[in-house]
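The block underneath contains the structure these notes are about, expressed in structure tokens.
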Amino acid sequence: MPTLGDIAERLEQFAPQALAEDWDNVGLLVGDVNWPIERIMTCLTVTPTTVQEALEKHADLIVSHHPLPFKALKSITTESTAGKLLLELIGSKIGIYSPHTAFDSAPAGINQHLAIGLGLQQIEALVPTRESSEADVGAGRLGFLGEEFTLLEMADRVKNFLGVQTLQIVGDDNLTVSRIAIACGSGGSFLSEAIAKECDCLVTGETNLHTCLEAEARGVGLILPGHFASERFALHSLAEYLSDQISNIEVWASLAERDPLRSV
């Protein structure tokens with residue numbers, strides 16, 4: 001039976017921590033490397049909902065895209081949501097591993113999945129990492145459509161791939177786009193790089209008003225399907241990867257996890 005240490009080593013090979021942003025908290029965050037692992041649940045975020053599912057389904061490990069803890073904690077008590085969740089998981093011997101921005105930037109990571117799923121060609125990292133000479137290793141992605149689309153047509157392609165009914169866009173519906181930048185999650189900080197690389201459009205989960213205004217002023221389209229939608233889909237492929245790579249374990253993507261934002 002594999003141990004928590006074995007799983008952590010395999011995840012490190014898949015999404016090396018060297019690819020993570022300096023501000024991030026990635027890797028094995030909770031658990032004993034000697035714990036035996038039989039059941040793994042992947043999810044976007046450790047929340048009361050996903051913790052309850054892990055407990056009910058007897059998971060030994062949660063592989064969560066977003067870290068818990070993320071920032072340093074001065075105390076771990078039931079007075080905070082993070083403390084309560086950590087105590088529940090530790091008490092039940094359930095580990096937490098988070099690949100986060102290393103998974104975003106990995107060769108088979110979230111941004112690569114997004115780029116391929118949206119039909120981009122000649123895909124490369126938007127911001128290549130210094131640790132590798134490979135074109136598909138680094139933050140964000142840049143690629144080309146096989147033909148010119150309007151911004152609205154590209155938005156429909158994003159909706160179809162991510163399975164969302166609505167999203168937000170910045171720019172004229174008929175703006176011609178063919179050179180596309182990708183940055184999952186909250187990727188507005190990549191707008192300047194997208195502009196420098198002469199992209200027509202940036203697809204990211206969410207961003208702030210000032211970034212939207214800057215994109216509009218510079219004539220660059222934005223497509224914003226939401227933070228959750230831009231990342232959650234990849235947790236299914238991560239579950240499949242772990243299941244294929246490691247024998248004698250059961251892996252599933254959380255069935256209960258939902259986007260907290262609703263349109264009314």
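To check you understand DSSP bridge types, tell me what percent of the beta bridges within the chain (both residues inside) are antiparallel, rounded to 5. Write out the running numbers ahead of the final one.
Values: 18 of 37 bridges.
Of those bridges, close to 50 percent are antiparallel.
Over the chain, accessible surface divided per residue gives 49 Å², non-protein components excluded, 1.4 Å probe.
Here's the list of lysines a cross-link from Lys93 could span, going by alpha-carbon distance under 19 Å and ignoring same-chain residues fewer than 8 apart: Lys57, Lys84.
For the residues Glu250, Glu257, Glu88, a 1.4 Å probe over the protein chains yields an accessible-area ranking, largest first, of Glu250, Glu88, Glu257.
Between the listed residues Ile182, Val164, His210, the Cα displaced farthest toward the positive end of the dipole of the stretch 159-215, a dipole computed from Cβ unit charges relative to the Cα centre, is found at Val164.
Just how large is the dipole of the stretch 130-194 about the Cα centre, in debye to the nearest 20, putting +1 at every Lys and Arg Cβ and -1 at every Asp and Glu Cβ? If you can, show how the numbers build up before the last one.
On the way: 5 positive and 10 negative charges, 38 e Å.
Taking the Cα centre of the stretch 130-194 as origin, the dipole is about 180 debye.
Match the structure shown to one of the listed values (1) 1, 5, 7, 8, 8, 8, 7, 6, 6, 6, 5, 5, 4, 4, 3, 3, 3, 2, 2, 2, 2, 1, 1, 1, 1, 0, 0, 0, 0, 0; (2) 1, 6, 13, 17, 17, 15, 12, 9, 6, 3, 1, 0; (3) 1, 5, 10, 13, 16, 17, 15, 11, 7, 4, 1, 0, 0 of P(r) over Cα pairs in 5 Å bins from 0, in percent, computed from it, and give that label. Label of the calculated value: (2). Charge tally for Asp173 (other residues, Cβ to Cβ under 12 Å; Lys, Arg +1; Asp, Glu -1): -3. Go ahead and set up a Gaussian network model of the chain, Cα springs under 10 Å, then flag whichever of Val203, Val137, Val30 fluctuates most. Greatest mean-square fluctuation among the candidates belongs to Val30. Averaging the sequence gap over all C-alpha pairs within less than 8 Å and six or more residues apart, then dividing by the number of residues, gives the chain a relative contact order of 19 percent.
Enumerate by residue number the GluC sites (Glu not before Pro) in the stretch 1-64 meeting two conditions: DSSP loop (anything except H, G, I, E, B), and at most 16 other Cβ atoms within 10 Å of the site's Cβ. Please list the in-between numbers first.
Details: sites: Glu9, Glu12, Glu21, Glu38, Glu53, Glu56; in loops: Glu21, Glu38.
Counting only loop positions with at most 16 other Cβ atoms within 10 Å, the GluC sites (Glu not before Pro) in the stretch 1-64 are Glu21, Glu38.
Taking the alpha carbon gyration tensor of the stretch 119-262, multiplying each eigenvalue by 5 and rooting it gives semi-axes of 27, 19, 14 Å, largest first. The heavy atoms of Lys84 offer some 110 square angstrom of accessible surface to a 1.4 angstrom probe.
Computed from point charges on the beta carbon alone (+1 for Lys and Arg, -1 for Asp and Glu), the dipole magnitude for the chain about its Cα centre is near 520 Debye. A straight chain from Arg130 to Lys197 at 0.36 nm per residue would run longer than the Cα-Cα distance by 22.3 nm.
Whole number please: convex hull volume per residue, Cα atoms of the stretch 186-264, in Å³. Walk me through the numbers on the way to the answer.
Numbers: hull volume 9.3 nm³, N = 79.
It comes to 118 Å³ per residue, whole-number rounded.
Computed 3J(HN,Hα) for the stretch 221-228, one whole-Hz value per residue from the Karplus formula 6.51 cos²θ - 1.76 cosθ + 1.60 where θ = phi - 60°, is x, 10, 10, 10, x, x, 4, 4, glycine and proline marked x. With both residues required to sit in the stretch 112-226, DSSP beta bridges show an antiparallel share near 65%. Here the accessible area of the stretch 1-113 is 51 percent carbon and sulfur, with a 1.4 angstrom probe and all protein chains present.
Give the calculated FRET efficiency between Arg218 and Asp173 to the nearest 0.05, with a Förster radius of 30 Å applied to their Cβ-Cβ distance. Walk me through the numbers before you get to the answer.
Working: r = 17 Å, r/R0 = 0.58.
My answer for the efficiency is 0.95.
For the stretch 1-78, the relative contact order works out to 33 percent when only alpha carbon pairs closer than 8 Å and six or more residues apart are counted.
The values are calculated or read from the model by the stated rules, or taken from the named source; none is laboratory data. Computed from a predicted structure; not experimentally measured. Cβ atoms come from the backbone with ideal geometry, glycine included; neighbour counts cover every protein chain shown. These area figures cover heavy atoms from the full protein model, side chains too; ligands, DNA and RNA do not enter into them. Shrake-Rupley method; radii C 1.70, N 1.55, O 1.52, S 1.80 Å.
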